[in-house]
Amino acid sequence: MKSLNIIKQNYFLVAILLLAVFLRIYKADFQSIWLDEIHTMNESNPKVGMSELYNLIMTSEQMPPFYFYSLYFLFKIFGYTTFIARIYSAIIGLASVFSIYLLGKELINKKVGLIAALLITVNPFHLYYSQEARPYIFLFLFTTLAFYYLIKFIKSPNRKNAIYYGIISALMISSHFFGLFVLFAQYIILLAFLIVSNKEARKSFFINGLISGIIALVLFIPAIKIFIKVSDLKEFWIPAPTADVYTLIFKEFFGNSEMVLTLLGFIFLVYFIKLSKEKETKITYDSIINNEIILSFTVLIPSIVVILLIPLIRSYLSIPMIINRYFITVLPEIIIIISISIYQFKNKIIQYGILSIFVIFSLTDIIIVKKYYSNVNKAQFREATNFIINNNKNKEKVVSSLGWYMPYFLNNGKNKYEIIDKSLDIYISEIQQDTIHLKPFWYIDGFGRDYKPNDASATFINKYYYIDNNYDGFQAWTKHFILLKDVPTTIDISKFKNLQQQNGDAFNYNIESFDTKDNVLNLSGWAYFDKQVANETKLAIVFIKDEKAIRLITQKVNRPDVTTYFKNDFNVDDSGFKSTYDISKLESGKYQLGIYLINKKTNKEGLFITDKTIEH
């Protein structure tokens, strides 16, 4: 009965939280984990001991260990899967929706809290990191709670609030080292309040503030060793900041949606207009905490300035450190300012109208424009490694310049493959020096590393290897290299009696280019069996003469446009092909070009003889 009463009294909040749950849980594991998330899985591996876990974090991360240890124990209880890691982030994301409600309520009132909760629920940046197995949503949660307890402490600087603030501050800086900038900004604010406080209360304020700082420092001790290591870095992978770096980050916060950003410009203006109308008052402790709009300005604006200023200065003077996800710490402040601005419209029609427009534009951008729940936007290492697992029947070695990342997929108890952590060029160079290693292998790579062997490697590959199968996904790809001497030069088509244009099972196809230059034929196109995924189908281009089929060197090509254009219910991205052949190798005569498809899993096999011909 009590629960029902709570729901009735907070039905708007319950509705917002239910929406937040749906948006964050729905298709949480749709995307493959990308490189940073593979780091998370490797560094939270429940099969290693606690000390080894710390060493993994120490050597492979630039972050505190708190998030990784929490995930480590969750894996031990619920299983070592990416789904658990993603759901954990989704739950933390939901908790942070509630936390920003608390912050808005404490700073201004319940209505501002509700507006803030709704805005963060439909915020694309927050949504993205609520479905990513990294500590950034942790950082958002504890940053928001740190501001919440900071406000509570400022309003009532007693021992209890000091302890709570200290613990939450420790969790914030233990989530990510950028939390230290937030803490520094907050202690500047506390110093300002200490200065304007009454003399009688100043000593108590100082002691309680000091206690909160000591608690935060003591609880931060497990991360200090890693912090010292990070502080000693002289170079980092992050590029130097551009002049518009913070403008770009702000746009990223709101999905680069022009409609939302335009509306935000108007909303921010309202906040500062409200500030400009505030009458002159004495700068005293009581006058600040009793004026909600002045209190919000005193806490939020200096925090944003400090959090943005310190990394900017350090990026120019020392080492670049500006990347959008690190600044999720300023998102709570921005959302609260927006919420206060919307609240300033006293006419409910205008207030609800602006809020509705914001929410509608945000959801439209997420679901319809960006197609967040259907478009792939993370490197498909899961799909690429699954392709290897499903096709590597002979347990051949797997080579990769990302070899450190691959054990989670390919050497995890369920699967056990030999993984060689080398680039393709280095591996081929070693084979050239000792051809005893001239054996079939798989190569996997991605995330900006395209298939571009150097000239020496390409020459060697073309002489000794043939790529008989490959997968090309979003920012991830794999190729199967088999020995050229083992590749059959013909395909048995004797089962197709009295060859027709269409033989065996029908399939869809298109030849988009067919060019001959210097006796070398180059062609490309796509082909797939209807109503089944294309990556399980093997494809070959053949020359047909006297009912015999000569096989051309054929490679699959990733063609997501085919799936999109034909609005296929089945993924046929892997239906593309390109093929080359030295025509001078052919015996004299006229040859017809054919496309041969076979899928042993679905028992489909077909040969289509095209109208393309070659005479030699």
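Straight-line cross-link reach from Lys567 at under 24 Å between alpha-carbon atoms covers these lysines, not counting any fewer than eight positions away in the same chain: Lys27, Lys370, Lys371, Lys378, Lys531, Lys538, Lys556, Lys578, Lys601, Lys604.
Between their Cα atoms, which of Lys199/Lys277; Lys234/Lys414; Lys111/Lys277; Lys416/Lys585 are more than 32 Å away from each other? Show your work: numbers first, answer last.
On the way: Lys199/Lys277 30 Å; Lys234/Lys414 40 Å; Lys111/Lys277 22 Å; Lys416/Lys585 41 Å.
Result: Lys234/Lys414; Lys416/Lys585 exceed 32 Å.
Taking a ≥ b ≥ c as the square roots of the eigenvalues of the Cα gyration tensor, the range 443-488 is oblate, since a/c reaches 1.5 or more and a/b is not larger than b/c.
With r defined as the distance between the Cβ atoms of Lys111 and Leu269 and R0 fixed at 22 Å, what FRET efficiency is calculated, to the nearest 0.05? Approximately 0.60, to the nearest 0.05.
For the range 129-194, what Kirkwood radius comes out of the mean inverse Cα-Cα distance, in Å? Display every interim value, and only then the final one.
Values: mean 1/r = 0.0828 Å⁻¹.
Computed over Cα pairs of the range 129-194, the Kirkwood hydrodynamic radius comes out at 12.1 Å.
Span-like helix check, the chain: qualifying full DSSP H segments, with Cα axial length of 20 Å or more and mean Kyte-Doolittle of 0.0 or more, are 11-25, 82-107, 136-155, 159-173, 179-196, 199-219, 258-276, 292-317, 348-363. Extending 7 Å from the Cα toward the beta-carbon at both Lys47 and Asp232 defines two label points whose distance is 3.1 nm.
The Cα trace of the range 191-342 gives Rg and Dmax of 19.1, 52 Å, the first to one decimal, the second as a whole number. For the range 408-536, the equivalent ellipsoid derived from the Cα gyration tensor has semi-axes of 31, 21, 17 Å, listed largest first.
So, with a 1.4 angstrom probe, what is the percent of accessible area on the range 486-616 that is carbon and sulfur?
Numbers: 3240 of 7310 Å².
Exposed carbon and sulfur together represent 44 percent of the surface.
Summarised as an ellipsoid, the chain has semi-axes of 58, 28, 21 Å, derived from the eigenvalues of the Cα gyration tensor scaled by 5 and square-rooted, with the largest first.
In the range 125-206, which chymotrypsin sites (Phe, Trp or Tyr not before Pro) are in a loop and have at most 13 other Cβ atoms within 10 Å, using DSSP for the loop call? Write down the numbers at each step before the final one.
Numbers: sites: Phe125, Tyr128, Tyr129, Tyr136, Phe138, Phe140, Phe142, Phe147, Tyr148, Tyr149, Phe153, Tyr164, Tyr165, Phe177, Phe178, Phe181, Phe184, Tyr187, Phe193, Phe205, Phe206; in loops: Phe177, Phe178.
Passing sites in the range 125-206 do not exist.
If you count only protein heavy atoms with a 1.4 Å probe, what accessible area per residue comes out for the range 313-361, rounded to a whole Å²? List each step's numbers first, then the result.
Values: 1960 Å² over 49 residues.
Per-residue accessible area for the range 313-361 comes out at 40 Å².
Would you tally the net charge around Lys346, using a Cβ to Cβ cut-off of less than 12 Å, leaving Lys346 out, and scoring K and R as +1, D and E as -1? Numbers along the way, then the final one.
On the way: positive: Lys111, Lys274, Lys348; negative: none.
Here the charged neighbours net out to +3.
Using just the helices of the chain, give the 222 nm mean residue ellipticity in deg cm²/dmol: DSSP H runs with n ≥ 4 each add -39,500 (n - 2.57), and the total is spread over all residues, rounded to 500.
-16000 deg cm²/dmol
The heavy atoms of Leu171 present about 40 square angstrom of accessible area, all protein chains included, probe 1.4 Å.
Probing with 1.4 Å while keeping every protein chain in the model, the per residue accessible area of the range 30-77 equals 35 Å².
Within the set of other residues whose C-beta is less than 11 Å from the C-beta of Glu258, count the net charge using Lys and Arg as +1 and Asp and Glu as -1. Numbers along the way, then the final one.
Numbers: positive: Lys251; negative: Asp365.
Within the 11 Å Cβ shell, the charges total 0.
Sites listed here are trypsin sites (Lys or Arg not before Pro) in the range 206-287 whose DSSP assignment is loop and whose Cβ has at most 15 other Cβ atoms within 10 Å: Lys234, Lys277, Lys279, Lys282. Legend: calculated FRET efficiency, Asn454 to His616, from the Cβ-Cβ distance at R0 = 22 Å, rounded to 0.05, equals 0.10. Note: relative contact order over the chain, using C-alpha pairs below 8 Å and six or more positions apart, is 11 percent.
The values are calculated or read from the model by the stated rules, or taken from the named source; none is laboratory data. Quick caveat: nothing in here was measured; it's all calculated off a predicted structure. Glycine also receives a Cβ, built like all others from the backbone with ideal geometry; neighbour counts cover every protein chain displayed. For the accessible areas, the whole protein counts, side chains as well, though only heavy atoms, and no ligand, DNA or RNA atoms are used. Shrake-Rupley method; radii C 1.70, N 1.55, O 1.52, S 1.80 Å.
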